[in-house]
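The values are calculated or read from the model by the stated rules, or taken from the named source; none is laboratory data. Worth saying up front: this structure is predicted, and the values here are computed from it rather than measured. All Cβ positions, even for glycine, are placed from backbone atoms using ideal geometry, and neighbour counts span all protein chains on display. Please note that ligands, DNA and RNA were not included when accessible areas were found on the heavy atoms of the full protein model with its side chains. Shrake-Rupley method; radii C 1.70, N 1.55, O 1.52, S 1.80 Å.
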Amino acid sequence: MQDLRYAWRTLARTPGFTAVAILTLALGIGATTAIFSVVHGVLLKPLPYRDPSRLASIWVDLGVGNQSLPAASALDFLDYRARTTLFEAFAAATGSQTIGVTGALSGVSGLETERVDVVPVTSNFFSLFGVDPALGRHFTEDEETIGGPQVAILSHSVWQERYGGDPAIVGRTIRLDSVEHTVVGVMPQRFHLLLPAEAFLVTDAQIWKPLRYNYVNAPPRNFTAFTVFGRLKPGVTFDQAQSEMEGLARQLRQEYAVHESSDMRIRVVPLQSDIVKHAQPALVALLGAVIFVLLIACANVAHLLLARATARQHEMALRAALGARGVRLVRQLATESFVLAVAGGVLGLIFAQAGVWTLKYAKPANVPRLDSISIDASVLAFTVAVSALTAIVFGLLPALRASKQDLNRTLRASASLSPTRVQLKLRSALVIAEVALALVLLIGAGLMMRSFVRLQQVRPGFDHARVLTFRVAMPFGARRDREVRLAFMAELERGLKSLPGVTNVGFTQQIPLTGSGPLQPYAYDEATARNWESETSDRRIVSTDYFRAMGTRLLAGRFFDEHDRAPIGRIIIDETLAAKVWPGESAIGKRLQVQPAGSIGDLHAEVIGVVEHMRILDLTRAVRPQMWTPMLGVPGLFYVVARTDGDPAALSSEVRTLMRRLEPDAAVDRLRPMSAYVADGLGQARLSLALMTAFGCAALALAVVGIYGVISYSVGQRTREIGIRMALGARPDRVRNAILAEGLKLIMPSLAIGSAAAWLLSQLIAGLLYQTDAGDPMTFAVTVALLLAVGLAGCYIPARRATMVSPIAAIRAE
């Protein structure tokens, strides 16, 4: 306690030094804590299920270069259950050809019809995840059979928002798509179905139903309609489970020709890693970057303490002469470092909390599990550990140096005792390390900036400027007749085109960048026809004017028109599919198999148009070939795309007024410009760029402060020498250049070391870059030049100040 009181009094006597040291540490500790809280919440924190480390996502690969998705056939799912021994259980979910199933919820007095997402699941689905309903019970096996009781389990959000959290809802009857269902349970608030990004069949639902599947009349085994999860038995490793599933896949290939011809493989993937795999590289890179910032902050504070130790050598020597042992002196100085680290840690924790709040408010796209990010006990423990480690890193070396000194030399010396050669080398080494680390971060930020600029310049296959989009959910009972619904669609199109500035209006089941959608298998030769689903494309249903409204280029053929009314008779494909199936040939007029052998009706469709590839899933890459079919009816849930001459957001209120007039019971949501979805698609790249740039700028500022401090201190120590040289006739510019040369001796080795380290470490972020070489020479050259210029500026200020000192005053100075 005496050491703590003395340390506090000592630091309070130098408020400038103390404030700079604490703020520097708070910057490093706060940034590190904030990023660690994201890494912990997204990557490290266990999934909110029972024993989540034993949960697996089951992937099926249908041949090299073909479909690889977390989707399995219904009959294979039964074999997983019956023919494996290392899994405790398997469960499955499925959906319709859209993401989940929407249904009208009604049947409760006073409630209007609304749209909800409904997902069918096996009876053991929730028990496999280890989550029990908050009210009621799980589904039973008899409820999963064809013709079984119509039952449903509500999500916590529907229970609260629609039924006010009434516990009496269990046992009551609600209506889903005009069919009465008995509510048998309500899920707890913490339950959300977390899925890998590739899981296109299901999504987190508002209402769950039993999965009733006709296994007797199931389609061929290469028709993947189930999303399957597995739970390993206690003590079983994923390697063991993978080995067993590989053996099962061999058996299935031997028993079924469709699996043999497609070389079907099964992969057992840990669910947690499957969910976060796309965010992991960026988060790990950011964590490494912020650790560099923390190291630079520690080096800066260590430099301050070394300078402070030089000024306190007389004090330390006098205490040693009066009997204080070296250990006692080290303890006292370490206590001061501890006080600084604690203060920096507390302030850094405040900075980190602000950073987490900002991140959650921004809701960056492609960052899963945002709700689990918080400053919890684990993050607090991390902050304490980082604060303690920083106290050791920046405080131990100065303390040891201060305790080992020549008492006779120190006590006989004047008050302006100069630092020793070793102390000067230590300070120079710290500055070199700071500048090298700063260069690594700046080069990383530069690479991400070039990547982001190029990503913004990529054409996503459509012109997103001046396009308004919104989603319409039709009430189930309204306009049930197909012709009446088509008339409504035509009336809606006319109404939208009558709005000021609207030039084109299109309809589709799903617009780009709103998640995965239905897949369309296709075949173009005997091998692919035999291995049905070995080739798949993204499929969308669109109206005749959709491509014009989206601004998609027609490369060959024509768009749909009012004559394209056959269910699957005519299709439009993208340039990727055309090049794959008919390389070097025109695809127009060619026929593509779009139904498996044995289906009713024509198996083939005629290609009438080829359009540019749309980045409908990911702006950074082309995922799958694409196929479009004409919209022949009005689905219960569809998107509207309206191209305008002006600001699309200005039409929002008029669109809502029009929809209320045409169909008051229709629900309109997601009313936003298409450019907003593109901006969301850039969210993760923008977040990485913003954070890396912030870290790089912070590192640059700290490094320049370090350079300035060393040169300024050196000039201060040489004030008398400089005065004598100027009195003897030395020109100011020569004195200034000599001091700048001294700074260059620190900067040039730093740039060499930092460039080499940056080249090595940049390979780790190569996967985050878009059309940018990790060793891009232009980025390296510009960044090195920038840091050199800023570093010289940090040297120039003390150099210029030195040449402005009066020689007489300098000579008289002690």
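Which residue pairs have Cβ atoms under 7 Å apart, sit 6 or more places apart or on different chains, and have a first residue in region 338-353 that is within 13 Å of Ala391 (Cβ to Cβ) and open to solvent by 50 Å² or more (accessible area, probe 1.4 Å) and a second that is modelled with pLDDT under 90 and assigned to a helix (DSSP H, G or I)?
Phe338/Ala391; Val342/Ser387
At least 1 residues that are of a type in the set (D, E, K, R), more than 25 Å from Pro48 (Cα to Cα) and modelled with pLDDT of 90 or more in each: list the helices (runs of 4 or more DSSP H) lying fully within region 104-181 that qualify. Let's see the steps before the verdict.
Working: elements: 125-129, 141-144, 156-163.
Counting at least 1 such residues, we get 141-144.
Just to verify a result, which residue in region 200-218, among those that are under 20 Å from Val121 (Cβ atoms) and open to solvent by 30 Å² or more (accessible area, probe 1.4 Å), is modelled with the lowest pLDDT?
Applying the filter and picking the extreme gives Thr203.
Restricting to region 12-66, give me the number of residues that are open to solvent by 20 Å² or more (accessible area, probe 1.4 Å), assigned to a loop (DSSP other than H, G, I, E, B) and in contact with a helix residue (DSSP H, G or I) (Cβ under 9 Å, 6 or more places away or on another chain).
Final tally of qualifying residues: 6.
Considering only region 249-265, how many residues are in a helix (DSSP H, G or I) and at pLDDT 90 or above?
Summing the residues that are in a helix (DSSP H, G or I) and at pLDDT 90 or above in region 249-265 gives 7.
Quick grid of which residues meet (1) part of a helix (DSSP H, G or I); (2) touching a Leu at 6+ places or on another chain (Cβ under 7 Å); (3) among the aliphatic types (A, V, I, L, M); (4) modelled with pLDDT under 80:
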| site | (1), (2), (3), (4) |
| --- | --- |
| Arg319 | yes, yes, no, yes |
| Arg328 | yes, no, no, yes |
| Glu336 | yes, yes, no, no |
| Ala341 | yes, yes, yes, no |
| Gly344 | yes, yes, no, no |
| Tyr361 | yes, no, no, yes |
| Asp371 | yes, no, no, no |
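In region 499-532, what residues are within 34 Å of the chain's Cα centre (by Cα) and closer than 17 Å to Ser675 by Cα?
Val505, Gly506, Gln510, Ile511, Pro512, Leu513, Thr514, Gly515
Among all residue pairs at least 6 apart or on different chains, which show Cβ distances below 6 Å where the first residue, located in region 187-200, is within 21 Å of Pro167 (Cβ to Cβ) and the second is in a loop (DSSP other than H, G, I, E, B)?
Met187/Pro133; Met187/Ser155; Pro188/Ala134; Arg190/Pro48; Phe191/Val131
Every residue in region 226-256 that is open to solvent by 70 Å² or more (accessible area, probe 1.4 Å) and under 15 Å from Arg54 (Cα atoms), please.
Within region 226-256, Lys233, Pro234, Gly235, Asp239, Gln240 meet the criteria.
Scan region 511-530 residue by residue and report those that are under 14 Å from Leu592 (Cα atoms) and part of a loop (DSSP other than H, G, I, E, B).
Correct list: Tyr522, Tyr524, Asp525.
Please find, among Ser414, Ser418, the residue that is outside any helix (DSSP H, G or I), farther than 22 Å from Val641 by Cα, touching a helix residue (DSSP H, G or I) at 6+ places or on another chain (Cβ under 8 Å) and at pLDDT below 80.
Details: Ser414 fails: touching a helix residue (DSSP H, G or I) at 6+ places or on another chain (Cβ under 8 Å).
Being outside any helix (DSSP H, G or I), farther than 22 Å from Val641 by Cα, touching a helix residue (DSSP H, G or I) at 6+ places or on another chain (Cβ under 8 Å) and at pLDDT below 80 holds for just one of Ser414, Ser418, which is Ser418.
Among the residues of region 734-748, how many are open to solvent by 50 Å² or more (accessible area, probe 1.4 Å) and out of contact with any Cys (no Cβ under 9 Å at 6 or more places or on another chain)?
5
For region 366-385, enumerate the residues that are of a type outside the set (Ser, Thr, Tyr), open to solvent by 20 Å² or more (accessible area, probe 1.4 Å), in contact with a Lys or Arg (Cβ under 9 Å, 6 or more places away or on another chain) and closer than 30 Å to Val678 by Cβ.
Scanning region 366-385 gives Arg369, Leu370, Asp371.
Considering only region 486-513, state which residues are touching a Ser or Thr at 6+ places or on another chain (Cβ under 9 Å) and under 25 Å from Ala199 (Cβ atoms).
Matches in region 486-513: Thr508, Gln509, Gln510, Ile511.
If you check Thr145 against the conditions, is it under 25 Å from Gly636 (Cα atoms) and open to solvent by 50 Å² or more (accessible area, probe 1.4 Å)?
In short, no.
Could you tell me whether any residue of region 271-283 is out of contact with any Asp or Glu (no Cβ under 8 Å at 6 or more places or on another chain) and among the basic types (Lys, Arg)?
Of region 271-283, the ones out of contact with any Asp or Glu (no Cβ under 8 Å at 6 or more places or on another chain) are 271-283.
If we keep only those that are among the basic types (Lys, Arg) as well, we get 277.
The answer is yes, given that some residue of region 271-283 is out of contact with any Asp or Glu (no Cβ under 8 Å at 6 or more places or on another chain) and among the basic types (Lys, Arg).
Can you say whether Pro281 is assigned to a helix (DSSP H, G or I) and either out of contact with any helix residue (DSSP H, G or I) (no Cβ under 9 Å at 6 or more places or on another chain) or not acidic (Asp, Glu) (or both), as far as the supplied structure shows?
In short, yes.
Let me spell it out: the conditions are (1) open to solvent by 10 Å² or more (accessible area, probe 1.4 Å); (2) hydrophobic (A, V, I, L, M, F, W, C); (3) assigned to a strand (DSSP E or B); (4) free of Cβ contacts under 8 Å to residues at least 60 places away in the same chain, and Val668 meets all of them except one. Which number is the exception?
Among (1) open to solvent by 10 Å² or more (accessible area, probe 1.4 Å); (2) hydrophobic (A, V, I, L, M, F, W, C); (3) assigned to a strand (DSSP E or B); (4) free of Cβ contacts under 8 Å to residues at least 60 places away in the same chain, the lone unmet condition for Val668 is (4).
I'd like the full set of residues that are open to solvent by 30 Å² or more (accessible area, probe 1.4 Å), under 28 Å from Leu486 (Cα atoms) and not in a loop (DSSP other than H, G, I, E, B), limited to region 547-581.
Arg548, Leu554, Gly557, Arg570 - these are the residues of region 547-581 that are open to solvent by 30 Å² or more (accessible area, probe 1.4 Å), under 28 Å from Leu486 (Cα atoms) and not in a loop (DSSP other than H, G, I, E, B).
Of the numbered conditions (1) touching a strand residue (DSSP E or B) at 6+ places or on another chain (Cβ under 8 Å); (2) over 30 Å from Gln763 (Cα atoms), Asp274 fails exactly one; give the number of that condition.
Here Asp274 meets the rest and fails (2).
So in region 496-527, with the set limited to residues that are hydroxyl-bearing (Ser, Thr, Tyr) and in contact (Cβ under 8 Å) with a residue 40 or more places away in the chain, which one is most open to solvent (accessible area, probe 1.4 Å)?
Among those that are hydroxyl-bearing (Ser, Thr, Tyr) and in contact (Cβ under 8 Å) with a residue 40 or more places away in the chain, it is Tyr524.
Yes/no matrix, rows are residues, columns are (1) among the polar types (S, T, N, Q); (2) free of Cβ contacts under 8 Å to residues at least 24 places away in the same chain:
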| residue | (1), (2) |
| --- | --- |
| Thr536 | yes, no |
| Asp564 | no, no |
| Arg570 | no, no |
| Lys580 | no, no |
| Pro596 | no, no |
| Arg621 | no, yes |
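Report the residue count in region 654-665 for those that are modelled with pLDDT of 90 or more and either of a type in the set (Phe, Trp, Tyr) or open to solvent by less than 60 Å² (accessible area, probe 1.4 Å) (or both).
Number of matching residues: 2.
Kindly indicate the residue of region 749-774 that is open to solvent by 10 Å² or more (accessible area, probe 1.4 Å) and among the hydroxyl-bearing types (Ser, Thr, Tyr) and also nearest to the chain's Cα centre (by Cα) among those meeting that condition.
Within region 749-774, the match that is nearest to the chain's Cα centre (by Cα) is Tyr770.
Residues to consider are His303, His259; find the one that is touching a Lys or Arg at 6+ places or on another chain (Cβ under 7 Å), surrounded by 16 or more Cβ atoms within 10 Å (Cβ to Cβ) and within 30 Å of Leu430 (Cα to Cα).
His303
If Glu533 satisfies every condition in (1) assigned to a loop (DSSP other than H, G, I, E, B); (2) touching a helix residue (DSSP H, G or I) at 6+ places or on another chain (Cβ under 8 Å); (3) within 30 Å of Leu689 (Cβ to Cβ) but one, which is the exception?
With respect to (1) assigned to a loop (DSSP other than H, G, I, E, B); (2) touching a helix residue (DSSP H, G or I) at 6+ places or on another chain (Cβ under 8 Å); (3) within 30 Å of Leu689 (Cβ to Cβ), Glu533 is out only on (3).
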